[in-house]
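Computed from the coordinates by the stated procedures, all read-outs in this text should not be read as laboratory data. It should be emphasised that the depicted structure is a prediction, and the values quoted were computed from it without experimental measurement. Note: ideal-geometry Cβ built from the backbone for every residue, glycine included; neighbour counts use all protein chains shown.
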Amino acid sequence: MFKKILFATSATPASDHAARVAFNIARGYDAHLDIFHVLGVPSRGYSQVVVDVKTKERVDVDDEYMSWVKEEVNTYYSKYLENGLKFDINVTVGFPAREILRQAKDTNPDLILLGGTTGDEDESVYKKSVASTTLQKVAKSAKCPVLIVNRPAASFWGGLSNITFGTDFSKSSDKAFDFTIKVAKALDCEVNVFHALDITSVSTGKILSQDDIEQKIREAFRMIRAKYEPALKELKNYSMDVWEGIPYIEIVKYARDNHSDLIVMAHHSKKAKQEDAILGSNVEQVIVRAGCPVISVNR
Amino acid sequence: MPEGKYCNKKPIETPEEVNFLLSDTSGNTYYEEMKSLDVDSDLMWATIQKTMKSRLKTWLEICAHCGMCADSCFIYLVNKKDPKQVPAYKIQSTLGEIIKKKGKVDNAFMRHAMEVAWSQCTCCNRCGTYCPHGIDTGIMFGYLRGLLYQQGFVPWEMKIGAGMHRAFRAQMDVTNEDFIETFEWMVEEYEDEYPGLTVPVDVENADILYTVNAREVKHYPEDLAEAAILFHVAGENWTVPTEGWEQTSLAMFAGDWAACKMQVESVYDAMERLKPKRMIGTECGHAHRATVIEGPYWAGREDGLPPVESIHYVEWLAEALREGKLKIDPSKRIKEPVTIQDSCNYIRNQGLKNATREIVSHIVEPGYFIEMSPNKEHNYCCGGGGGFNGIGFFRKQRNQALITKRDQILKTGAKLVLAPCHNCWDAIRDLEEEFEIGIRWSFLKPLVIKMLDLPDHMKPEE
């Protein structure tokens, strides 16, 4: 399923739960793990100075410094790196999202694994220098699925048996669905296709009557059947559901109820304005809240 | 010890030499070696006799020491009006002394001259507009930097920067292959959102030849995609060259005249090879000065012009908005207090103040734009021009120099600063990091893209 995994890490406690999942997957699937650390962001124009992510100090980066940081990362993860795990450690300088994407372009992983947002975002060196978050940018532009582990609760990876696939029927949701089916077949797990009907007045512009809601739910069901059931039938176990509410909350609740180990959703490459709204309010909110890892698929 | 291992008179020519000098972290050994670097007075005097023309001689001679230049210099103002920071004094006590002594100056003098040339003048040329005689100290400092470079008395990063141009024809270690590959990668990343988006490479007779700043390729490749998107939406017939794509010139900041010529000739070669109607460079100030204003003279072009008409990005953007090639959705205009940083290199030195204000009239809701004071051709340097931003050795002085811009911005009350120049953008970024005044800063491209009213056929499906 996964042969090559790019694990982008700050090599700090903020990435610890993601690290657990990364090393588990790599072992479980005998995959090669590229432990990738952007050690600092360039500062001062064309000077050689960068602000180190871990120490928050301004440092002159040279080869010696790079190998020192590499050694640090190695030490930080030493307990995971034993017993023949296939891995390498790469460090670089730049803006994290861009450098992660550049590394992905050069190495073509099957999966990018990111840790979630850290508690002290305002203090973070990365945050200061990027317009939107690393996570948003990587999820938007990556060519392979991006797995995000945000909460410690999400870091349990005992293999997969149950996937929640959240759809909004868009084209990129189709891609996410294809990926879901692929994983489900390879790992023999159950798939729950889920659509959340957005009934918040912000998006509908009015308060829906119960008849309207039920009508829309029936429509969504029909869509799910038409779009996804043929492929689902090839699986042993699957289910389909439509709930109404605030979409991201409903998805998180639904996944919890179903004891899902993984949520798969599409990321949208729509125009900037909608993108903020959709990603901000749904995928990203799900990532922040879910009790299991979330995979964002875009292409 | 006359010539050091790191610090010497020999320019850097190869990637290996670049890496070697870079391996001397912060240039610590470099500056240590500089203390015993010999001054070749004969060479300097011979160079002066060959290169110092009547304008500079006259300027040095006719300065009336009236002091009118003092208050025009932001570095003087921000350093408690120290008399040693008066432009006339700064140049008379350095270049003036060298001339008086026919080049017979010692090592300590040269190191002092280096400090004055790179940490007390950003070559913003503001003093030149206030001098009753029209004496431009910034230009004279540019000349002095050349003499200092030749003798090896040049800040570490400047020596590296000039070396990068010699070794890579770019200010960073970005090869021609890296450039095209990165551009194609970025376009690919955005082609879902902008169907049909491409980067036309080496197309002959295009309407526009686009040149960039190597930093975009290295660190902010989104900028390349943004340029492609705007040309694409505007329906322009444009291209980028596989060689000669780097518009900037750290060699100019370093005073490496030979490298200046090499760099600009690579761009001119691209123009001559591809025969575009016009050349447009990215949102950079000194790059425009180097390639469009000064470059023709470095390259020895008789007409003082680049091979094809060359305009700044803001001129193209203003034109595209004026002619309706790019349409702004009025509901998406900037609706918060916003100001603009006038880049010395193309506002004061080339008079493009109206172009940027025309852009502002399209992208900012009326009533929200606030001018800095002073502004336009009277605006102050961002505080990091002329190479100042990049020099670690003079960081303290640079941070002090940022205070002028900080206070100018604070006075406007704006939280967003438009900075269509890489150097200004950096300086403003650094001043926020240094003083935390709670502002954001941006190039024009990403802002305009967010406001575009896209024609239906350009919208992605779905």
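Report Rg(Cα)/(2.2 N^0.38 Å) for region A:2-64, keeping two decimals.
1.40
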Considering only chain B, percent of DSSP beta bridges that pair antiparallel, nearest 5: 5 percent
Net length gained if the chain between B:Asp106 and B:Cys66 were fully extended (0.36 nm per residue, minus Cα distance): 11.5 nm
Least to most buried among B:Asp256, A:Asp30 (fewest other Cβ within 10 Å first): A:Asp30, B:Asp256
Quick one: angle between helix B:422-435 and the longest Cα principal axis of chain B, in degrees between 0 and 90, rounded to 10, please. 80 degrees
Quick calc of log₁₀ I(q)/I(0), chain B, Debye, one scatterer on every Cα, no solvent, q values 0.12, 0.14 1/Å, result -1.05, -1.40
Per the Cauchy relation, a quarter of the hull surface: what is the mean projected area of the convex hull of the alpha carbons in region B:399-462, in nm²? 5.9 nm²
Using only the alpha carbons of region B:328-451, determine the length spanned along each of the three principal axes and report them from longest to shortest in whole angstroms. 46, 31, 25
For region B:204-266, just run the numbers: alpha carbon Rg, then divide by 2.2 N^0.38 Å, N being how many residues it has. 1.28
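Give the order of A:Met223, B:Met271, B:Met279 when sorted by the count of other beta carbons within 10 angstrom, beginning with the fewest.
A:Met223, B:Met271, B:Met279
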Net charge near B:Ile293, counting Lys/Arg +1 and Asp/Glu -1 over other residues with Cβ under 15 Å of its Cβ? -2
Assigned charges on the beta-carbon of Lys, Arg, Asp, Glu; region A:162-297 dipole about Cα centre (debye): 320 debye
Per residue Cα convex hull volume for the protein assembly as shown, in cubic angstrom? 161 Å³
Quick one: compute a quarter of the convex hull surface over the Cα atoms of region B:82-157 and quote it in nm². 5.3 nm²
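At a threshold of 8 angstrom on Cα-Cα distance, excluding pairs fewer than six apart, so keeping six or more, what relative contact order does region B:1-154 reach in percent?
Value for region B:1-154: 27 percent.
For B:Thr47, B:Thr291, which order do you get if you count the other beta carbons within 10 Å of each Cβ and list the fewest first? Please report the intermediate quantities before stating the final value.
Values: B:Thr47 17, B:Thr291 29.
Ascending number of Cβ neighbours within 10 Å: B:Thr47, B:Thr291.
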Stokes-Einstein, Kirkwood over Cα pairs, region A:162-297, 4 °C, 1.567 mPa s; D in µm²/s equals 86 µm²/s
So what is log10(I(q)/I(0)) for region B:1-132 at q = 0.11, 0.15, 0.17, 0.19 1/Å, when the Debye sum runs over its Cα atoms only? -0.51, -0.88, -1.04, -1.15
For region A:162-297, what is the relative contact order in percent, using Cα pairs closer than 8 Å and at least 6 residues apart in sequence? 34 percent
Return the distance in nm (one decimal) between the two label points of a simple spin-label model at B:Glu272 and B:Ser373, each offset 7 Å from Cα along Cα→Cβ. 5.1 nm
May I ask you to derive the relative contact order of chain B, considering only C-alpha pairs under 8 Å and at least 6 residues apart, and to give it as an integer percent? 15 percent
Placing unit charges on C-beta atoms (Lys and Arg positive, Asp and Glu negative, everything else neutral), compute the dipole magnitude of the protein assembly as shown about its Cα centre in debye, rounded to 20. 1620 debye
Globularity index of region A:173-215, i.e. its alpha-carbon radius of gyration over 2.2 N^0.38 Å: 1.74
At 37 °C in a medium of viscosity 0.692 mPa s, region B:266-386 has a Stokes-Einstein diffusion coefficient, with Rh taken as the Kirkwood radius over alpha carbon pairs, in µm² per second, of 207 µm²/s
Which angle between 0 and 90 degrees, to the nearest 10, do you get for helix B:257-274 versus the longest principal axis of chain B when only C-alpha atoms count? 30 degrees
Nearest 10, in degrees from 0 to 90: the angle of helix B:313-322 to the longest Cα principal axis of chain B is 30 degrees
Measure of size requested: the Rg and Dmax of region B:216-304, with Cα atoms as the atom set and Å as the unit; please supply both. 13.6, 40
Antiparallel as a % of all DSSP beta bridges within the protein assembly as shown, to the nearest 5? 15 percent
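Per DSSP H run of n ≥ 4, the term is -39500 (n - 2.57); total these for the protein assembly as shown, divide by its residue number, and report the mean residue ellipticity at 222 nm rounded to 500 deg cm²/dmol.
-13000 deg cm²/dmol
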So for the pair A:Lys253, A:Asp212, with labels modelled 7 Å out along Cα→Cβ, what separation do we get in nm? 2.0 nm
Once the mean of 1/r over all distinct C-alpha pairs in region B:287-337 is inverted, the Kirkwood radius in Å reads 13.4 Å
